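Q: Before we start, here is the structure in question, set down as structure tokens.
The values are calculated or read from the model by the stated rules, or taken from the named source; none is laboratory data. Predicted, not measured: the structure shown is a model, and the values here were computed from it. As a convention, Cβ positions derive from the backbone with ideal geometry for all residues, glycine included, and neighbour counts pool all protein chains shown.
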Amino acid sequence: MELAHKEDDVSRELLVFALGREEYGIDILKVQEIRGYDAVTSIANAPNFIKGVINLRGNIVPIVDLRIKFNIGNVTYDQFTVVIILNVAQRTIGIVVDGVSDVMTLSTEQLRQAPEFGSALDTAYILGLGTVEERMIILVDIEKLMTSADMALVEAVAA
Amino acid sequence: MSIDMSQFIAVYFDEAAEHLANMESLLLELDVGSPDPEDLNAIFRAAHSIKGGAATFGFADLAEVTHVLENLLDRVRKQEITLTAAMVDIFLRAGDVLKDMLAAHRDNAPVDTAPIAEITAQLNQLSSEQVLPVANPQQALTVIIAAGEGFEHDVLCHELQRHGELEDFSPGDAQTPWRFRLKTASSQAKLIDAMAFLLDPARISIEVTGQQDEDFGLFAPLPLPATDLSVDEGFGFFDPLPATAAPALQDGEGYGFFAPPAQPVTEQGGEGYGFFVPVAGSNTPAGVATKPVEAKPSAVRASSERQAERGGDTSIRVSVEKVDQLLNLVGELVITQSMLAQNALQLDPVTHERLLAGVAQLERNTRELQESVMSIRMMPISFVFNRYPRLVRDLAGKLNKQVELRMIGENTELDKGFIEKLSDPLTHLVRNSLDHGIEAPEVRLSRNKPAQGTLTLKAFHQGGNIVIEVSDDGAGLNREKILAKARERGLNVHDNMSDNEVWMLIFEAGFSTAAEVTDVSGRGVGMDVVRKNIQAMGGRVEIQSMTGVGSTMSIRLPLTLAILDGMSISASDELYIIPLTFIIESLQPRAADIKTMAGRGTVINVRGEYLPLIALYDIFSLTARKTSYEEGLVIILEAEGQKVALFVDDLLGQHQVVVKNLETNYRRVSGVAGATIMGDGHVAFILDVAALVKMAQQVTPAEQIAELV
């Protein structure tokens, strides 16, 4: 319950999105906007989950398809495909997900520590599991995930 | 009132900084053997102006240091003492100390007193060294105590005897003055000081007797005679000389004349402010008060000329952020404009004639606007270069080398962003050249070179680049040493590496062949940083070197970060931009011209020249659309002196594009220099031609060697 101690009684507002049948929650303050999937310009020799870059009002923003990255969900691109534009680590990054379901507030007592297995994500990026009625929301530290080495989004320090 | 004052102080700081910079550059240009009197005057004036302001604004410490400095300078310029290189060094250091003090005062930070004391001591030592031998041999003086109240003249006699030999003494009374004749080596100021215990200094006057020049000799201050009335500039009169005695015409009123030094004379005539900045122990005779007015304009002229040279006279200060914002907006405008232009092409030119004319007009205006905004960011490279004369001078002195610094193309303009980032790497290269490149004078002579080495800083435009070269005529890089060092460090090297490859080794981290680490360079933490810095600016470092002849380090930077002319090309489904400056030509290849070599690389024969042929879809792992070379186009590119042929599907057109940094939100992609937004709102990548050329070389080194044989 490391987490519960750290952020005592602070309820947090989350944006919940779906990847396959799993529901993930991220800190809503990291979300800049939600938009449809546009044509991207693909980046040469980039990993397959990095779809490319888009022009977001004059900014070049990379788009990561989390469905490919975690190998869940149907990888199709149509008018329902959703891109969440995130502001993490002073960067703007877009992630492709299966859908955005809702915004909800989770209080600390609704959070449980994640077990050491059970998700497509490395548990290092999982802050906890939230229970809302019958649903389980996987709380993701999206900043840590996006800046991690295996996302290949950020230049490694040594390079 | 206080607000007003702070405004003036800010102006004073700016001016003082300018005076200091002026002084430094003049000092550096000074020919120690035969200094130009005009330069000496200008240096003196600079010091004087700083001192004046310092005293006005109550920076006593500043005033004190400049005061001592000024005295020395004054005597140098009057040729009372000869200028030596050591003196110039101390003057320069004094300038540094003053700079620090100014900065401290500006930030309201505590002033570090240690260097001040040190430099003051050095300056004082200089002046005493120079003075004592020349100055006062025994001089015959008459001390006159104005008639009036009596005093203990026995004690006075005793006091005077301590300073010299009392020869004669005639007592006075309420009507007749007392007169003491004595032979002494002490200065008048000292005497007055000594007597000040006993009676009002205002009553004391001192005459020099037995000196040839009766009139002026009277007032000649002993250590620092300021009596040379024939100097028409008249500036020297008001120099605060510690021991200045007052001219006779003021004898009567006499207040404060013989004020002990360090007590400023503040009650000057009403109009005297500014010129007669109260300075320790200075006495400004009202009778000659108009003279400095002449000197003032000349000082002003000198500094304004200098400003005109730098072109900084009618400028305003704007924060870089504002300019960048402007630049961004213009960038957006360019994109919008090209979007409009693209859509307008689809309109019927007859029915929409006026709209199309408007679009064309917009294009022109946008381009001009863009150019003007770009030019705001451009600054002459002299902003960087100007610091090197000093650096080179100091370093050369430290290393006991003789070096002449030549600077060429200081007016070459480049982006302000570069100016700031350039100084560190460039400083490093300059230091390296001085430390490792240029040999000690004896070594140079033994190699039939002039004892004085030459270091050249050169900036010029080449194509779309700005090239900055640091070259020396020193020893050059040592191939064997570098190779040996590389092996020692476990790098993968072999003996038949080309010179260029060997030179590039010195950019590896932790690489230094300096036999011994000096505090100048040799720690090997530098060249790799230099390369990293330059690369971060989108530039490149190249080395040319020849053993015994010298070496040249060239930094190549793009003209600007923001906008470039490019050719758009298509490969597979993608659209790329190639900077126009790298493109030599494009041609439709014939199957007969394309040869494969050793089953690996492909070369193309372009008018008898075999160039490595690379396909863009190979490099970027795209699906090839064209099955044979004849269906597409070949673009001949040149970067870093290497040519390659790039195979693409098609040429689309020429654009001016706004360069967007990919690393803002993503990371560096090899082969891609940046991204841009096309007229339709899509993102297109800008190719990094130099990286492509390198990629091509990695594929085909064996073939190229085979070709040569």
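Q: Mind telling me which of the residues B:VAL644, B:VAL657 ends up being modelled with pLDDT under 85, under 43 Å from the mean Cα position of the chain (by Cα) and not in a helix (DSSP H, G or I)?
A: B:VAL657
Q: The conditions are (1) part of a helix (DSSP H, G or I); (2) farther than 16 Å from B:VAL658 by Cβ; (3) not assigned by TED's automatic domain parsing to the domain that holds B:SER423, and B:ALA396 fails exactly one of them. Which is it?
A: (3)
This table checks each residue for (1) out of contact with any strand residue (DSSP E or B) (no Cβ under 6 Å at 6 or more places or on another chain); (2) within 30 Å of B:ILE583 (Cα to Cα); (3) assigned to a loop (DSSP other than H, G, I, E, B); (4) outside the structural domain of B:SER372 (by TED's automatic domain parsing).
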site	(1), (2), (3), (4)
B:LEU405	no, no, no, yes
B:LEU414	no, yes, no, yes
B:PHE418	no, yes, no, yes
B:LEU429	no, no, no, yes
B:LEU434	yes, no, no, yes
B:VAL443	yes, no, no, yes
B:PRO450	yes, no, yes, yes
B:HIS461	yes, yes, no, yes
B:VAL470	no, yes, no, yes
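Q: Restricting the range B:676-697 to residues that are touching a residue at least 40 places away in the same chain (Cβ under 8 Å) and in a loop (DSSP other than H, G, I, E, B), which is surrounded by the most Cβ atoms within 10 Å (Cβ to Cβ)?
A: By that ranking, first place goes to B:MET678.
Q: Starting from the range B:103-120, take each residue that is charged (D, E, K, R) and list its partners that are surrounded by fewer than 16 Cβ atoms within 10 Å (Cβ to Cβ) and in a helix (DSSP H, G or I), counting only C-beta distances under 7 angstrom and pairs at least six apart or across chains.
A: B:ASP112/B:ASP100
Q: Sticking with this one: Is the range B:692-709 home to any residue that is at pLDDT 85 or above and not hydroxyl-bearing (Ser, Thr, Tyr)?
A: no
Q: Of everything in the range A:82-101, what is surrounded by fewer than 19 Cβ atoms within 10 Å (Cβ to Cβ) and away from every other protein chain (no Cβ under 14 Å)? Give them in sequence order.
A: Residues satisfying the conditions are A:VAL82, A:GLY99, A:VAL100, A:SER101.
Q: What tally of residues in the range A:38-69 results from selecting those that are crowded, with 17+ Cβ neighbours inside 10 Å and away from every other protein chain (no Cβ under 14 Å)?
A: Adding up the residues that qualify gives 4.
Q: Here's a follow-up. What residue, among those in the range B:591-628 that are in a helix (DSSP H, G or I) and more than 14 Å from every other protein chain (Cβ to nearest Cβ), is farthest from B:LYS660 (Cα to Cα)?
A: B:ALA592
Q: So, one more: Which fully enclosed strands (runs of 3 or more DSSP E) of the range A:2-108 have 2 or more residues being over 30 Å from B:LYS660 (Cα atoms) and touching a helix residue (DSSP H, G or I) at 6+ places or on another chain (Cβ under 8 Å)?
A: A:12-19
Q: Among the residues of the range B:651-697, what is the count of those that are in contact with a Pro (Cβ under 7 Å, 6 or more places away or on another chain) and within 7 Å of chain A (Cβ to nearest Cβ)?
A: 2
Q: Right, next: Being part of a strand (DSSP E or B), modelled with pLDDT under 80, at negative phi and not aliphatic (A, V, I, L, M), is that true of even one residue in the range B:570-590?
A: Looking through the range B:570-590, none of the residues is part of a strand (DSSP E or B), modelled with pLDDT under 80, at negative phi and not aliphatic (A, V, I, L, M).
Each row is one residue, and each column tells you yes or no for (1) in a helix (DSSP H, G or I); (2) buried (at least 16 other Cβ atoms within 10 Å of the Cβ); (3) out of contact with any helix residue (DSSP H, G or I) (no Cβ under 9 Å at 6 or more places or on another chain).
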{"site": "B:TYR12", "(1), (2), (3)": "yes, yes, no"}
{"site": "B:VAL32", "(1), (2), (3)": "no, no, no"}
{"site": "B:GLY52", "(1), (2), (3)": "yes, yes, no"}
{"site": "B:GLY58", "(1), (2), (3)": "no, no, yes"}
{"site": "B:VAL88", "(1), (2), (3)": "yes, yes, no"}
{"site": "B:HIS105", "(1), (2), (3)": "yes, yes, no"}
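Q: Could we say that A:ARG21 is more than 14 Å from chain B (Cβ to nearest Cβ) and exposed (fewer than 13 other Cβ atoms within 10 Å of the Cβ) here?
A: yes
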